[in-house]
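Single-structure report; data block below.
The values are calculated or read from the model by the stated rules, or taken from the named source; none is laboratory data. For clarity, every value in this text was computed on a predicted model and none was experimentally measured. Counting neighbours? That spans all protein chains shown, and the Cβs are built from the backbone with ideal geometry, glycine included.
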Amino acid sequence: MNTFDADVIVVGAGPTGLMLAGELSLNGVSVLVLDRLAEPIRESRALGFSARTIEEFAQRGLISRLGDVDVIPFGHFGGVPLDYRVVEGGSYGARGIPQARTEAMLAGWIAERGVTVRRGIEVTGLTQDENAVTVHTAGGDAAGVLTARYVVGCDGARSVVRTAAGIDFPGTAPTVELRFADIAGVQLRPRFSGEPVPGGMVMVLPLGPDRSRVIYYDRAQPLRTTPGPITFAEVAEAFGRLSGEDISAATPLWVSSTTDVSRQAARYRSGRVFVAGDAAHIHLPIGAQGMSAGIQDAVNLGWKLALTLKGHTGEQLLDTYHAERHPVGARILANTLAQRTLYLGGAEVDPLRQVFGELVRHEEVQRHLVGMVTGLDIRHDVGGEGHRLLGRRLPDHQVTRDGVKQSVLGLLAPGRGLLLDLAGSPDLRAAAQDWSDRVDTVTVQHDNDNDNDNDNDSDNDSDNTGDSTGEGRVGAVLVRPDGYVAWVGAAGDGPGTRASGMPLTRALTRWFGPAH
């Protein structure tokens, strides 16, 4: 009989690993986080996160921990301007929140939940059998081994976990390189979306009263050929040559670079081992999609692992992690490569930019692009058919519960399934009673009745959830712990509704296992 150090070992204490640890702890799963770094990072590649990630943080009551969140309504796709408010809840995302601040918030959250993070521990390999995973480590006092029922690699692009599990990481080699520096002591004009200049592109992002991040692409040197890290002298020379602004007297705080190398794990699961975040997908950082995708991986996987570990569901639920998240990752790689061409190409791309600029004048095209970059248009196959909300995220609306108004997303804070009873149906509550250990049934009143009317809901049409079905008012909605709708019931139809094409009990069984 195996003795486990934890139900799940998470390798990597970045945003993905920390979010996953929190998701698991919400469901009573023991989790151990390992990280090779002795201290959390101070530098921040990401400076914000997407609109969908804002919602996922809100689902767990985390967004308020970040204080004032500056949501940017406008953005771009490959340099082509877009108003992201074209979809409901749309924005370019939260900006001015460095990755280190997000990590600190998540680390504080899981510490409150009693999750252990062991730092200075390097994972050197792993083996698995049908019952457990053995993790080989170095660091701390000495080399050692740890065991868990499952392991999740959130350990970045050079993931040891992915390699040890035999998961391929195919993709494309780098062709361009963006270089950047965080600097202090000089005042620069902001260039939030980047500006094309003769010879390349320059961007300036304010980080504080006298701090900025300067980013540039030098078409004359698409990839550095010299060994060793980039220096501030190189950045200052190239930025001055491209922008005409002298930053040589600035104090450099951090200097680095990134490329458009794009790779995706062929499988997100190998037996008892999973990969998430940069261990599963890497790409050119455009539109805050990298860190956000990793956090969304964690939210998708956490509850599935928990239900499986508790014996509520079989292994087939874990297979839906790859089935749902791999296509999302592939789409991110595709859109970032397309944006690279529009954003960094030379004069030869001007005809493409012209045609693209004409296309985005159409609202349908705008909604498609905004949904793609933000993750707001993700739709999973949840079974059933017919209703436009099926498989989509639960939109953030105000509801009234016991006379108190609140955001509907706040009802997902426990990390459990959620059955929203919008019609006060005793039959509905009775049908869900045998899943009460996994699913909360909550009676609420929607504060905007029009949002429940499939024929007249212009607001929800704007979130790209598809055509209305004309089946009348929504009476109930079953929501998975990750915020995606798994079943919709029409008012008056009861638990055996026709709206989703399946009875409520079948949907509950599919996602939460058999009745207790």
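Consider Arg388 carefully, then state whether it is basic (Lys, Arg), within 20 Å of the chain's Cα centre (by Cα) and not assigned by TED's automatic domain parsing to the domain that holds Asp434.
On the way: basic (Lys, Arg): yes; within 20 Å of the chain's Cα centre (by Cα): no; not assigned by TED's automatic domain parsing to the domain that holds Asp434: yes.
No, not satisfied.
For the range 53-68, how many residues meet the condition of being in a loop (DSSP other than H, G, I, E, B), closer than 17 Å to Leu18 by Cβ and either hydrophobic (A, V, I, L, M, F, W, C) or over 18 Å from the mean Cα position of the chain (by Cα) (or both)? I'd like the intermediate steps shown before the answer.
As a first pass, look at the range 53-68 and keep what is in a loop (DSSP other than H, G, I, E, B): 60-62, 67-68.
Still in the list and also closer than 17 Å to Leu18 by Cβ: 60-62.
Now drop any that are not either hydrophobic (A, V, I, L, M, F, W, C) or over 18 Å from the mean Cα position of the chain (by Cα) (or both), which leaves 62.
Looking only at that region, the number is 1.
Count of the range 133-143 residues, restricted to those that are farther than 14 Å from Val10 by Cα and either surrounded by fewer than 17 Cβ atoms within 10 Å (Cβ to Cβ) or modelled with pLDDT of 95 or more (or both), is 5. If you take the residues in the range 405-421 that are surrounded by fewer than 21 Cβ atoms within 10 Å (Cβ to Cβ) and of a type in the set (A, V, I, L, M), which one is farthest from Ile110 (Cα to Cα)? Of everything passing the filter in the range 405-421, Leu411 is farthest from Ile110 (Cα to Cα). Residues in the range 340-351 that are in contact (Cβ under 8 Å) with a residue 40 or more places away in the chain and out of contact with any Phe, Trp or Tyr (no Cβ under 6 Å at 6 or more places or on another chain): Arg340, Thr341, Leu342, Tyr343, Gly346. Residues in the range 69-106 that are among the acidic types (Asp, Glu) and part of a strand (DSSP E or B) were compared, and the one that is nearest to Gly290 (Cα to Cα) is Asp70.
Could you tell me whether Ala330 is free of Cβ contacts under 8 Å to residues at least 40 places away in the same chain and under 24 Å from the mean Cα position of the chain (by Cα)? Even if it seems obvious, please write down each step before you answer.
On the way: free of Cβ contacts under 8 Å to residues at least 40 places away in the same chain: no; under 24 Å from the mean Cα position of the chain (by Cα): yes.
Taking the combined requirement at face value, the residue does not satisfy it.
Checking the condition of a type in the set (Val, Ile, Thr) and in the same structural domain as Arg45 (by TED's automatic domain parsing), which residue from Ile230, Ile167, Ile247, Ile215 passes? Can you show your working first?
Working: Ile230 fails: in the same structural domain as Arg45 (by TED's automatic domain parsing); Ile247 fails: in the same structural domain as Arg45 (by TED's automatic domain parsing); Ile215 fails: in the same structural domain as Arg45 (by TED's automatic domain parsing).
The match here is Ile167.
For Asp83, the requirement of being surrounded by fewer than 17 Cβ atoms within 10 Å (Cβ to Cβ), in contact with a Pro (Cβ under 9 Å, 6 or more places away or on another chain) and on the phi < 0 side of the Ramachandran plot is met.
Taking residues in the range 222-250 that are in contact (Cβ under 8 Å) with a residue 60 or more places away in the chain and within 21 Å of Arg211 (Cβ to Cβ), and partners anywhere that are among the β-branched types (Val, Ile, Thr) and not in a loop (DSSP other than H, G, I, E, B), the pairs with Cβ atoms closer than 7 Å and at least 6 places apart or on different chains are Ile247/Ile183; Ile247/Val214; Ala250/Ile183.
Does the range 207-216 hold any residues that are charged (D, E, K, R) and either crowded, with 19+ Cβ neighbours inside 10 Å or within 16 Å of Gly48 (Cα to Cα) (or both), and which are they? Break it down stepwise before answering.
Going through the range 207-216, the residues charged (D, E, K, R) turn out to be 210-211, 213.
Of everything in the range 207-216, just one residue is charged (D, E, K, R) and either crowded, with 19+ Cβ neighbours inside 10 Å or within 16 Å of Gly48 (Cα to Cα) (or both), namely Arg213.
Figure legend. Inter-residue proximity from the range 309-323: first residues at positive phi, second residues not charged (D, E, K, R), beta-carbon distance below 6 Å, spacing 6+ or different chains. No pairs are indicated.
This table checks each residue for (1) surrounded by 14 or more Cβ atoms within 10 Å (Cβ to Cβ); (2) hydroxyl-bearing (Ser, Thr, Tyr); (3) out of contact with any helix residue (DSSP H, G or I) (no Cβ under 7 Å at 6 or more places or on another chain); (4) not assigned by TED's automatic domain parsing to the domain that holds Phe77.
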site	(1), (2), (3), (4)
Glu103	yes, no, no, no
Glu112	no, no, yes, no
Asn131	no, no, yes, no
Arg162	yes, no, no, no
Gly200	yes, no, no, yes
Leu205	yes, no, yes, yes
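Could you grab me the full set of residues in the range 24-38 that are hydroxyl-bearing (Ser, Thr, Tyr) and buried (at least 19 other Cβ atoms within 10 Å of the Cβ)? Step through it out loud before you land on a result.
Step one: of the range 24-38, the residues hydroxyl-bearing (Ser, Thr, Tyr) are 25, 30.
Once the filter is applied, which keeps residues that are hydroxyl-bearing (Ser, Thr, Tyr) and buried (at least 19 other Cβ atoms within 10 Å of the Cβ), the range 24-38 yields only Ser25.
Only one of the numbered conditions (1) more than 22 Å from Gly156 (Cβ to Cβ); (2) under 23 Å from the mean Cα position of the chain (by Cα); (3) buried (at least 16 other Cβ atoms within 10 Å of the Cβ) is violated by Thr336, and that is (1).
Considered as a group, the residues in the range 39-71 that are of a type in the set (Val, Ile, Thr) and free of Cβ contacts under 8 Å to residues at least 60 places away in the same chain include one that is surrounded by the fewest Cβ atoms within 10 Å (Cβ to Cβ), and that residue is Val71. Only one of (1) basic (Lys, Arg); (2) touching a residue at least 40 places away in the same chain (Cβ under 8 Å); (3) over 30 Å from Thr259 (Cβ atoms) fails for Arg429. Which number is that? Every condition holds for Arg429 apart from (2).
Condition test on Val370, is it under 16 Å from the mean Cα position of the chain (by Cα), aliphatic (A, V, I, L, M) and outside the structural domain of Gln289 (by TED's automatic domain parsing)?
Values: under 16 Å from the mean Cα position of the chain (by Cα): yes; aliphatic (A, V, I, L, M): yes; outside the structural domain of Gln289 (by TED's automatic domain parsing): yes.
For Val370, the condition - under 16 Å from the mean Cα position of the chain (by Cα), aliphatic (A, V, I, L, M) and outside the structural domain of Gln289 (by TED's automatic domain parsing) - is met.
Considering Ala94, Ala107, which residue is at pLDDT 95 or above and touching a helix residue (DSSP H, G or I) at 6+ places or on another chain (Cβ under 7 Å)?
Numbers: Ala94 fails: at pLDDT 95 or above.
Matching residue, one of Ala94, Ala107: Ala107.
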